Structure formats: structure tokens, C-alpha cells
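Enquirer: Here it is, the structure in full.
Bear in mind that the values in this text are calculations on the coordinates, not laboratory data. Quick caveat, the model's predicted, so the values are computed rather than measured. We place every Cβ from the backbone using ideal geometry, glycine too, and count neighbours over all the protein chains shown.
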Amino acid sequence: MEGMTKIVKTVARLVIGFILLYGASIVIYGHITPGGGFAGGVFISIAYVLIMLAFSKKVAMRKLSNFAASLSDNLGAFSFFIIGLLGSIFSGYFLYNFINHGTPFRLVSAGTIPLSNIAIGVKVGASLYAILVALSIYGRVLTEKEEE
Amino acid sequence: MYILCTVLFVIGIYSIIAKRHIVKKIIGMVIIEYSVNLFLILVGYKAGGIAPILAKGQDVAEFASKGVDPLPQALVLTSIVIGLGTLALMAALAIRLYEKYNTFDMSEINRLRG
Amino acid sequence: MTVFYVLMVFMIIGAIVAVETKNMLSAVIAVGAVGVGASVIFLFLRAPDIAITQVIVEVLSLIILIRVTIRADNYAIERRQDNFANIVGLVFVGLFLVFAFWAYKGLPEFGNPLMRVSSSYLREGTRETGAANIVASVILDYRAYDTLGEAIVLFTSILGAFVILRPKGRKHTSEKDKGSFGIIEDKEIKGSR
């Protein structure tokens, strides 16, 4: 009972890279095109959830363990907070957009918005993946104990 | 239009009040969440409007006069993700209740607790 | 305009099926249909950000709900009808609809919103923040406190899920008494059996 059938595994192996890439592009281009940290973060988490469903939870945990997921969750939230704090240091207002705005429609523009997008994306993706891990692994352990 | 959205809301409330199955109650919560998000976006819609994303070389004044309201969209965007978090929390509670009482039935759980 | 009504009726039918059907798996999938209808209607309401987020969140919530319902006896529960709860629910629903119909007279008409703050966001947003996506500039610049609060709420919810589901802390109770899996009300359960 290691994961699903061979067809599902092959298709998943092909698709996961594209899902991750699409999520990353949605996060990075969030200030120019539709998307942003929230949608891209959910895309990233769903790629790992696809690994967990198609192969098995062991493979997914080897790729990104529970500890690493909670660590990157904390890291994303903390870096967002740090960006806000830097704004308050440099300009006097918490979460102020302190970097030079640059010209619109370029990738490097809009001050702190892309940085905050990346922080939010990491945070949302890691926390949703952690929720799914908690639901699958802890629940599974208990029901197996129940069946004994 | 608003009334149809409210009908959706009311279906969710009926499911929470009258159903005995815990998962049906969770489904009612999810439906309520969708209807509230939809209502906020409906309030901000402008007839014949365009999406609040500036295209390259577009006139800003024309964009400001035709674009739909960006503020409810921003708030709903956060509220959708929060809804996913609360859904996961409710699912965890339901799994725990099922492990403890071996049933999803609300009145049965009440009876077992004595 | 017609497409909105068609999609809304589709969503209402999906919600009724989700609430009334006996099979739990089909109820969950009907909720998925409601969510996909919501995302298409967001796309027609000129909100592409929310349409993307809604589709992908819908997939994840479907996975979570299926995980909840997958191994349970679901058919036996709704045999007995609870008449009192049904009547109370219907009365409340009727009252709510009447009051909502009353209250909607105060709102602006559909397709003609009141935009005092938002029009200034649209006019000044690109110049002030440098971002072409006005929704992103509202989330992360004008109202970034809201996003910080959202991060805290998400963090709290996963903390709650971990605390509720963790397997430690009740091992000794299961060794002592294999029938019961409780932490808090262990004595009560033993007493009632």
C-alpha cells in the first residue's frame, strides 16, 4: 500500500514540477498580473499534497518534513513582520513601503510589495501543507491503533 | 441578485440548524462562507467594468472611471484563505469526535455524554 | 447579466443537493460544484485574483472534507427525522429572508456601487505604490495590517489543529482502558459504561 497505481504516479511525476513552477510565477509576478502570495502559496502547498496523495506520506515527508514545514511557516510570518518593522525604522510608520518604487510594469518595482508577496506565499504554503500532514498522519495513527 | 445570494446563505443556515450529521454542519458553514464572499464582491461590481489591474499603456483616468471596486476584492482574498484554515480546524474537531464517540451523529453524541 | 442568474441558480441547486442528499461523498462533491460555480461567477464579476484563489482553495478543501468522511458509516444517521429542528430552521429561514429583503432597499443598486475610497485607490494606486495590480497594492500597502492579522489567524488555526490531533498525552489512558480514547472526560466515560 505505498501510494496509488502506476498511472497516477507517472502523471503526478510529470505534473508536480509544472505546478510548483506556476505557483512560484504567480507569487513572483503578483504585483503585475492577477495572483499574489495567497493564491501562489496554496498552489505550492497543493503540489506537496499531490506528492503525499500519489506516492505516500513517507515520500512527501522526505521531501519536506513536518519540522521544516513549521519552520518555514514561522519564517514567512516572521519575515513579513520584519519587513513591516524595517518600514517603521526607516520611515516612522509600521509596514510602510520604504523602498524606491521604480517604474511600473517592471519585475523589480513597487517597493516592498514583491518581498511581502514572497513572505506571504511561503507562509501560506507551508501552513496549509502542515495542516494536511497533521490531518493525515495523526489521524491515521490513531485509527490504526483503534483497529488493533 | 442580492436575494439569490441570500437564498444561498439561508440554505447554509438551515443545514447548520436542522441537520444532525457533523459533516453536514461543516458543509453548511462552507456554503455560508461562499455566499458571504460572493455578496461582498457583488456589492463592489460595476456594470460594464474592467478588472482592477492596470494594463500597459492604459489611460489612468479612464481606468479609474471604469474599474470595479478593488477594496472588497482584497478583503475577500484574505477571507478565503482564512476560511480554509477554519475548515481544517473544524475537520480536526470532527475527526477527534469520531474517534472518541465512534459516530458523527450530534444527538447520539449528546446522549453518550449523559 | 443573464449569466449571473444562471450561475447563481446553479450554485443554489448544488447547495440544496449538498444539504439534502443522504450519501456523504456526493454531498462533499456537490459542495465542490458550488465552489467551482462561485469561482466562475467571480471571473465574470471581473475579479481574477479571487477566481484563481477560489479554484485552488476549493481543491484543497475538497481533499480535507473527503479525508473526514472517508471511513465512517454515513447512511444510518439521518434515518430519524427531527421535526422540531426542521420547523425551527424553516421559521428562522423565512424570517431571515423577509428581513433581508427589507434591508436590501438601503443598499445601492446592483452594478452601480458607491466608491468613495476605492476610486482614489484606483486613481492614485499605481502612482503611489508602483504596482500595476491594485488588489495587491491594497493588500500589502494600504491595508497591510489586515494581512498581518490574517497571518496570525492562519497560524492560530494550524496550532489548534495540531493540538487537537496530536497523539501524545493520551497513550497511558489507552493502555489502561482500550475502549475509551478520551483525555478530559475519561472517568465519566468509564462510569457510563
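Enquirer: Run the numbers for C:Leu114 and C:Glu20: contour at 0.36 nm per residue of separation, minus the present Cα-Cα distance, in nm.
Expert: Length gained between C:Leu114 and C:Glu20: 30.0 nm.
Enquirer: Another question, if that's okay. Considering amide H positions built from the backbone, and no H for Pro or chain starts, which residues 5 or more places from B:Ile50, or on another chain, come under 5 Å of its amide H?
Expert: Here B:Gly67, B:Val68 satisfy the definition.
Enquirer: Across peptide A:20-26, how many C-beta atoms of other chains are within 10 Å of each residue C-beta, on average? It would help to have the intermediate numbers written out before the result.
Expert: Working: counts 0, 0, 0, 1, 0, 0, 4.
Taking the mean over all residues of the peptide, I get 1.
Enquirer: Report the paramagnetic label zone for A:Phe90: residues of region C:139-163 whose backbone N is under 18 Å from a point 7 Å from Cα along the Cα-to-Cβ axis.
Expert: C:140-145
Enquirer: Taking a ≥ b ≥ c as the square roots of the Cα gyration tensor eigenvalues, with a/c under 1.5 meaning rounded and otherwise prolate when a/b beats b/c, else oblate, which class fits chain B? Don't skip to the answer; put the middle values down first.
Expert: On the way: a/c = 6.25, a/b = 2.65, b/c = 2.36.
The shape class here is prolate.
Enquirer: Still on this structure, I have one more. Under DSSP H, which helices of chain B have Cα atoms covering 30 Å or more of the helix axis and a Kyte-Doolittle average no less than 0.5?
Expert: Details: long enough: B:22-43 (32 Å, 1.94); B:70-101 (46 Å, 1.22).
Those that clear 30 Å and a mean of 0.5 are B:22-43, B:70-101.
Enquirer: Could you order the peptides C:63-70, C:90-97 from most to least packed, using the average number of other C-beta atoms within 10 Å per residue? Intermediate values should be presented prior to the final figure.
Expert: Working: C:63-70: 19.1, C:90-97: 13.6.
Descending packing order for the listed peptides: C:63-70, C:90-97.
Enquirer: Along the Cα→Cβ direction, 7 angstrom out, place labels at A:Leu21 and C:Ile152. What is the inter-label distance in nm?
Expert: Using points 7 Å along Cα→Cβ, the separation is 4.0 nm.
Enquirer: Just B:Ser79, B:Ser65, B:Ser35 to compare: in a GNM of chain B, with alpha carbon springs under 10 Å, which one fluctuates most?
Expert: Comparing B:Ser79, B:Ser65, B:Ser35 in a Gaussian network model of chain B, the most mobile one is B:Ser65.
Enquirer: From other protein chains only, count the Cβ atoms within 10 Å of every residue's Cβ in C:101-109, then give the mean.
Expert: Working: counts 3, 0, 2, 5, 0, 0, 3, 1, 3.
Shielding by partners across C:101-109 averages 2.
Enquirer: Pop out the ³J(HN,Hα) list for region A:53-59 in order, Karplus 6.51 cos²θ - 1.76 cosθ + 1.60 with θ = phi - 60°, rounded to Hz; leave Gly and Pro as x.
Expert: Once θ is set to phi - 60°, the couplings for region A:53-59 become 7, 7, 8, 7, 6, 5, 4 Hz.
Enquirer: Per residue and in Å³, how big is the convex hull formed by the alpha-carbon atoms of region C:1-71? Show your work: numbers first, answer last.
Expert: Numbers: hull volume 4.0 nm³, N = 71.
Measuring per residue, one finds 56 Å³ for the Cα hull of region C:1-71.
Enquirer: Are there any trypsin sites (Lys or Arg not before Pro) in region B:12-99 that are in a DSSP loop and have at most 13 other Cβ atoms within 10 Å? List them by number. Don't skip to the end; give the middle numbers.
Expert: Values: sites: B:Lys19, B:Arg20, B:Lys24, B:Lys25, B:Lys46, B:Lys56, B:Lys66, B:Arg96; in loops: B:Lys19, B:Arg20, B:Lys56.
Listed in order of number, the matching sites are B:Lys56.
Enquirer: Label-point separation (nm) for C:Ile70 and C:Phe101, each offset 7 Å from Cα along Cα-to-Cβ?
Expert: 4.5
Enquirer: Here is a further query. What does the average come to when, for each residue of peptide A:65-71, you count the partner chain Cβ atoms lying within 10 Å of its Cβ? Intermediate results must be reported in sequence, preceding the final value.
Expert: Working: counts 0, 1, 0, 0, 1, 4, 0.
Per residue, the average neighbour count from other chains is 1.
Enquirer: If I model a spin label at B:Val36 and A:Ser65 as a point 7 Å from the Cα along the Cα→Cβ vector, what separation in nanometres do I get?
Expert: Output for this residue pair reads 3.9 nm.
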